[in-house]
């Protein structure tokens with residue numbers, strides 16, 4: 001699987017009661033995602049995007065927000081001058097699911 005394969009999928013709402021991804025399954029999805037995303041403590045994905053100015057960073061933040069609404073999956077987004085940091089995880093299980101990787105791949109395509 002590649003990042004583009006992940007990006008073609010849709011985020012699936014988590015109903016809870018499933019364990020978060022760990023071990024080999026998490027590593028495989030991380031490798032497929034690539035793109036400088038970091039799986040932090042097997043809990044969340046994080047990536048910082050750089051921009052030339054505040055306006056560009058704000059525009060990107062708004063596009064991520066629109067994508068998140070479309071997918072029904074909402075990351076934490078931190079905006080500052082020339083930077084946007086995105087943190088994704090599935091709150092219902094307090095860890096990572098495949099949908100987190102799907103959203104990250106979609107963000108990389110914006």
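Since every read-out is calculated from the coordinates, none of them should be taken as a lab result. What you see is a predicted model, and the numbers here were worked out from it, not measured in a lab.
Measuring how big the chain is from its alpha-carbon positions, Rg and Dmax come out at 13.4, 43 Å. Shown here are the Rg and Dmax of the Cα trace of the stretch 29-74, at 12.6, 33 Å. When the chain is treated as a Gaussian network with alpha carbon springs shorter than 10 Å, the biggest mean-square fluctuation among 82, 35, 23 belongs to 23. Any idea what angle helix 98-108 forms with the longest principal axis of the chain, computed on alpha-carbon atoms, 0 to 90 degrees, nearest 10? Relative to the chain, helix 98-108 is tipped by roughly 20 degrees. Nearest 10 degrees, 0 to 90: what angle lies between the long axis of helix 54-71 and the longest principal axis of the chain (Cα atoms)? Helix 54-71 sits at roughly 30 degrees to that axis.
Using only Cα atoms, find the angle between the long axis of helix 23-33 and the longest principal axis of the chain, and express it within 0 to 90 degrees, rounded to the nearest 10. Its long axis makes an angle of about 30 degrees.
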